[in-house]
Every structure is written in structure tokens, then in C-alpha cells.
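K.L.:
Handing you this structure, nothing more for now.
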Amino acid sequence: MSAQKDWIDIKEGEGYPLQQFVLPSHYKEDLESVMIPYGLIRDRVGKLAHDIAQNSTKPLVACCVLKGAHVFFAHLMEDLKKLRRPNGESIPLSFEFIKVKSYINEQSTGDVKISLSEEDMQGFKGKDLLIVEDIIDTGNTMVALIKKLKNYEPASIRVVSLLLKKTPHSNGYIPDYVGFSIPDLFVVGYALDYNENFRDLDHICVINEHGKAHYAV
Ligand code: IMP
């Protein structure tokens with residue numbers, strides 16, 4: 001399936017001042033702005049689930065890319081469970097959890113570590129996989145993950161990513177479903193992290209220089 005380019009495009013400079021939202025006080029010095037409020041994210045996830053249901057014909061193995069996609073995954077599955085295919089049938093769903101790590105501070109290390117047991121991956125043979133990712137930045141993680149999964153001969157692989165970063169470092173990869181395209185800024189919240197921090201923030205926010213220094217490793 002080709003990518004549907006009807007995602008919400010967030011432009012440079014768009015966003016909301018911090019004081020217009022309720023935010024955890026422990027992050028008040030570390031954020032620049034609210035880029036995407038939680039309510040808008042939640043509504044957009046509902047539309048992604050709707051689009052996935054419209055294109056579904058077989059049982060789906062939904063693969064959550066940990067840790068950053070876990071909130072997105074939970075909301076997407078909650079919506080998918082309630083939806084029907086165009087022929088009125090519900091969609092049989094099973095879940096897998098894949099741990100992938102490629103970032104330290106705000107830099108991609110280029111070295112993508114995927115942890116999933118051989119036994120789990122052998123079970124992908126002949127199945128329709130839906131990979132659920134939080135953000136595509138350079139695209140290197142997803143290209144490496146798809147390459148690895150293809151070795152296990154799934155019937156199909158589709159990818160849904162909540163965010164797609166508009167960056168000159170992109171390798172050109174575009175997922176099948178995208179929630180929002182965003183400017184080339186490091187974002188946190190809705191389970192996206194900076195060195196394991198900010199996952200406990202509901203809105204997607206832009207981290208500031210103080211936050212980067214404060215939580216650097
Ligand atoms: P890529 O390989 O450069 O596409 O990076 C994908 C992964 O990097 C994502 O799954 C995230 O874990 C992480 N990442 C990239 N950009 C951001 C960001 O702005 N905030 C938080 N994590 C990010």
C-alpha cells in the first residue's frame with residue numbers, strides 16, 4: 001500500500017505557549033512550547049485507526065516499537081478493537097513488542113539494536129504485520145527493522161508512525177500511515193523521551209536548551 005499523504009502538517013514556529021496548558025511542574029524549565037496538545041493527538045489516533053480498519057482484510061499482528069510508541073500503541077489498539085472493516089467484520093488483533101534503540105542525547109547512533117527473540121520472529125511467517133512507531137526521523141531505524149523482519153517472510157508489513165520529522169537527514173522512507181509531519185526539532189512527551197525522561201508528559205512538546213543540558217548523559 002502506498003503512503004497516504006493526508007497527515008496534519010505542523011510548520012516551523014507553530015505551537016502553543018506553555019502557560020496555556022497543564023504540565024508537570026518538574027519539567028517547567030525544560031520545555032520551549034507545546035507542539036501538539038494531547039487532545040489533538042488522541043483525535044488523530046482515532047482517524048489513523050479508522051484508515052487502518054478500512055484497509056484491513058486479514059488478522060493483524062500489531063508490533064509496538066518500544067518504548068516510545070507504547071502510549072500511541074495502546075490508544076490505537078483501543079480504537080481498532082471497536083472499529084469494523086468496510087464489510088462489517090471486526091479485526092482479529094494480536095500484539096508483539098519490539099525493543100529498538102538507536103538514540104543517545106538527540107543524535108541517532110546509526111547503530112540500530114533490535115531485541116526480539118528468534119522464536120517470536122519465526123512466528124511472523126505468513127502474517128500481516130502492522131508496525132506501530134512513535135517517530136520517523138532519519139528513517140534508519142525503520143529501514144533496518146523492516147529489513148530484519150522481511151527475513152522471517154511475513155505476508156505483508158505496513159507501518160504507522162504518529163510523527164514524521166521533516167529533516168534533511170531523512171533517507172526518504174515514508175510510512176504507510178502518518179499522524180503528523182513536524183519541523184526538525186527534538187520533541188518529547190506522549191511517551192517520546194530524551195534519555196528516558198519526559199515520557200510522563202501528555203502533550204508533545206519541544207525540549208529547550210536547558211532541558212537538553214539538564215537531562216544529557
Ligand atoms: P530514526 O532512525 O532517525 O528515524 O529515529 C527513530 C527513533 O529515534 C524513534 O523511534 C525515536 O526513538 C528516536 N527519535 C528520533 N527523533 C526523536 C525526537 O524528536 N524525540 C524523541 N525521540 C526521537
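K.L.:
With the cut-off at 19 Å, tell me which of the pairs Lys5/Lys82; Lys58/Lys127; Lys5/Lys81 have Cα atoms farther apart than that. Provide the component values of the computation, followed by the final result.
P.N.:
Details: Lys5/Lys82 25 Å; Lys58/Lys127 9 Å; Lys5/Lys81 25 Å.
Checking Cα-Cα distances, Lys5/Lys82; Lys5/Lys81 exceed 19 Å.
K.L.:
GNM on the chain, C-alpha springs below 10 Å: top fluctuator among Pro175, Pro24, Pro183?
P.N.:
Of Pro175, Pro24, Pro183, the most mobile in the Gaussian network model is Pro24.
K.L.:
Report, in listed order, any pair from Lys11/Lys99; Lys47/Lys165; Lys113/Lys150 with a Cα-Cα distance greater than 26 Å. Write out the running numbers ahead of the final one.
P.N.:
Values: Lys11/Lys99 30 Å; Lys47/Lys165 20 Å; Lys113/Lys150 16 Å.
Going by Cα-Cα distance, Lys11/Lys99 fall outside the 26 Å limit.
K.L.:
While we're looking at this one, here's another question. Using amide H atoms built 1.01 Å from N in the peptide plane, name the residues 5+ places from Glu96, or on other chains, whose amide H lies under 5 Å from its own.
P.N.:
Long-range HN contacts for Glu96: Ala62, Cys63, Cys64.
K.L.:
Using the Karplus curve 6.51 cos²θ - 1.76 cosθ + 1.60 with θ = phi - 60°, work out ³J(HN,Hα) for each residue of region 25-34 in order, rounded to whole Hz, and write x for Gly and Pro.
P.N.:
5, 5, 10, 5, 8, 10, 10, 8, 6, 8
K.L.:
Most mobile of Leu162, Leu201, Leu18 per a Gaussian network model of the chain (Cα springs, under 10 Å)?
P.N.:
Comparing Leu162, Leu201, Leu18 in a Gaussian network model of the chain, the most mobile one is Leu18.
K.L.:
Can you pull the accessible area of Asp43 for me, 1.4 Å probe, Å² to the nearest 10?
P.N.:
The value for Asp43 is about 110 Å².
K.L.:
Using helices alone, what [θ] at 222 nm do you get for the chain, with -39,500 (n - 2.57) per DSSP H run of 4 or more residues, divided over all residues and rounded to the nearest 500? Write out the running numbers ahead of the final one.
P.N.:
On the way: 5 runs with 52 residues, N = 217.
Estimated from H runs of four or more residues: -7000 deg cm²/dmol.
K.L.:
Could I ask something else about it? Starting from the amide H of Ser56, placed 1.01 Å from N in the peptide plane, find each other amide H under 5 Å away whose residue is 5 or more places distant or on another chain.
P.N.:
Those qualifying (amide H under 5 Å, at least 5 residues apart or on another chain) number zero.
K.L.:
If you stretched the chain out fully between Lys99 and Glu78, how much longer would it get, using 0.36 nm times the residue separation minus the C-alpha to C-alpha distance?
P.N.:
Value of the extension gain: 5.5 nm.
K.L.:
How far apart, in nanometres, would the label points at Lys166 and His210 be if each is projected 7 angstrom from Cα along the Cα-to-Cβ direction?
P.N.:
With each label placed 7 Å out from Cα toward Cβ, I get 2.9 nm.
K.L.:
Mean-square fluctuation check for the chain, GNM, Cα pairs under 10 Å: which of Ser170, Ser181, Ser161 is largest?
P.N.:
Top of the fluctuation ranking is Ser170.
K.L.:
Just need the relative contact order of region 32-95 here, percent rounded to a whole number, with Cα pairs under 8 Å and 6+ apart.
P.N.:
On the way: 58 pairs, mean separation 26.7, N = 64.
It rounds to 42 percent for region 32-95.
K.L.:
Something else about it: Roughly what angle does helix 38-54 make with the longest principal axis of the chain, taking Cα atoms, 0 to 90 degrees, to the nearest 10?
P.N.:
The helix 38-54 is inclined about 20 degrees to the chain.
The values are calculated or read from the model by the stated rules, or taken from the named source; none is laboratory data. The structure displayed is predicted, hence computed values, not measured ones. FYI the Cβ positions are ideal-geometry reconstructions off the backbone, even for glycines, and counts take in every protein chain you see. Please note that ligands, DNA and RNA were not included when accessible areas were found on the heavy atoms of the full protein model with its side chains. Shrake-Rupley method; radii C 1.70, N 1.55, O 1.52, S 1.80 Å.
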